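The values are calculated or read from the model by the stated rules, or taken from the named source; none is laboratory data. Keep in mind the model is a prediction, meaning the values are calculated, not measured. All Cβ positions, even for glycine, are placed from backbone atoms using ideal geometry, and neighbour counts span all protein chains on display.
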Amino acid sequence: LVTHLMEGIGIALDMPGNRMFITDFAGSVYSADLDGKNERNFLYAQGNLTGIAYAEV
């Protein structure tokens, strides 16, 4: 669903918000709609990321 990942390693879902968050080994964090549209890379080169969690507070 999401392209241009450098070995995607983590995914977290926000079902009510219709979003997903993805991390990759390059240290980037992406968000996209659950259908893969509106992909956005909003953090770059953050170090070694091996997962992600989503919590609604």
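Observations, loosely collected:
- Where a residue in segment 16-35 is acidic (Asp, Glu) and its partner, wherever it lies, is not in a strand (DSSP E or B), with Cβ under 6 Å and at least six apart: ASP24/LEU5; ASP24/MET6; ASP24/GLU7; ASP33/ASN18
- Options ASN18, ASN41: the member that is among the polar types (S, T, N, Q), touching a strand residue (DSSP E or B) at 6+ places or on another chain (Cβ under 9 Å) and modelled with pLDDT of 95 or more: ASN18
- Filter result for ALA32 (in contact with a strand residue (DSSP E or B) (Cβ under 8 Å, 6 or more places away or on another chain), among the small types (Gly, Ala, Ser) and over 17 Å from HIS4 (Cβ atoms)): no
- Of everything in segment 1-11 that is modelled with pLDDT under 90 and out of contact with any Gly (no Cβ under 7 Å at 6 or more places or on another chain), the residue that is nearest to GLY51 (Cα to Cα) is GLY8.
- Yes/no for ILE52 being surrounded by 12 or more Cβ atoms within 10 Å (Cβ to Cβ), under 9 Å from the mean Cα position of the chain (by Cα), modelled with pLDDT of 90 or more and in a loop (DSSP other than H, G, I, E, B): yes
- Output for segment 12-37, where each listed residue is under 9 Å from the mean Cα position of the chain (by Cα), in a strand (DSSP E or B) and over 16 Å from ALA53 (Cβ atoms): ALA32
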